[in-house]
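These notes concern the structure reproduced below.
The values are calculated or read from the model by the stated rules, or taken from the named source; none is laboratory data. Since the structure is predicted, the reported quantities are computational estimates derived from the model, not experimental observations. We place every Cβ from the backbone using ideal geometry, glycine too, and count neighbours over all the protein chains shown.
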């Protein structure tokens, strides 16, 4: 299923009378083809998450439109599933019950639900944890449960807001591999918000870099690397260099949040590595 973002704009009114309006998005357009994995990358305040929630139907744009598979959409629907940054799992339900929840809401027959649950648990290596409560499993497992719940009803589009942002570096890389494997098997169209350059290259077919200038798109970079991605590939590092160079300009307005600090540290690390290589030569 394809997504077409056509000239969307979004303005938030000031909280108090007399406050200026905040124009977050202005005439933003891009397309995501069926089966494609696209990342929205950029600093805080560039409108990444706002764009995602508009596509999901959680918010309405002030201008422009969202077209999914040729039809304009303006509210949530079963064709689009949203994976939240904080998991949004139900603590009073067990792992299996959390994954089954959307299937129950869609009135999927019990036998079909149980078979689908079995398949999903096997894919994510969670079979032994079906009857655990959410507080009894690790952060990485919670992330996998959230992903399985998001894809349980075979959504044609998966929307993810910093889906791996709450786990440590090693677990993040492991989950990236599992996420890639699951989505490749399902051939799901995916759009992900991230501030992690490496993650965007590892997972994506394309990376769209947004700026704080009302969400203006600075670059739309096609990642032409075989899967699974090899981080030691020189071409992989070339994409890292390309995106960090673009992001330097996007961060020129200032570093305001932890997300921005993480981006800046990554850029500085890349620059430091280049300097060391140049010195060695």
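Side notes on the structure shown:
- Those strands (runs of 3 or more DSSP E) of the stretch 182-281 in which at least 1 residues are loosely packed, with under 13 Cβ neighbours inside 10 Å and under 20 Å from the mean Cα position of the chain (by Cα), considering only elements entirely within it, cover 217-222.
- Within the stretch 155-173, the set of residues being closer than 28 Å to residue 34 by Cα and out of contact with any strand residue (DSSP E or B) (no Cβ under 9 Å at 6 or more places or on another chain) comprises 172, 173.
Rundown of residues vs (1) within 28 Å of residue 185 (Cα to Cα); (2) buried (at least 18 other Cβ atoms within 10 Å of the Cβ), yes/no style:
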{"site": "17", "(1), (2)": "no, no"}
{"site": "27", "(1), (2)": "no, no"}
{"site": "47", "(1), (2)": "no, yes"}
{"site": "103", "(1), (2)": "yes, yes"}
{"site": "107", "(1), (2)": "yes, no"}
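- Selected residue (criterion: surrounded by the most Cβ atoms within 10 Å (Cβ to Cβ)) from residues of the stretch 71-91 that are assigned to a loop (DSSP other than H, G, I, E, B) and without any contact (Cβ under 8 Å) to a residue 40 or more places away in the chain: 77
- Count of residues meeting criterion [under 25 Å from residue 229 (Cβ atoms), part of a strand (DSSP E or B) and at pLDDT below 95] in the stretch 4-36: 0
- The single residue among 174, 179, 147 that is crowded, with 20+ Cβ neighbours inside 10 Å and in the same structural domain as residue 205 (by TED's automatic domain parsing) turns out to be 179.
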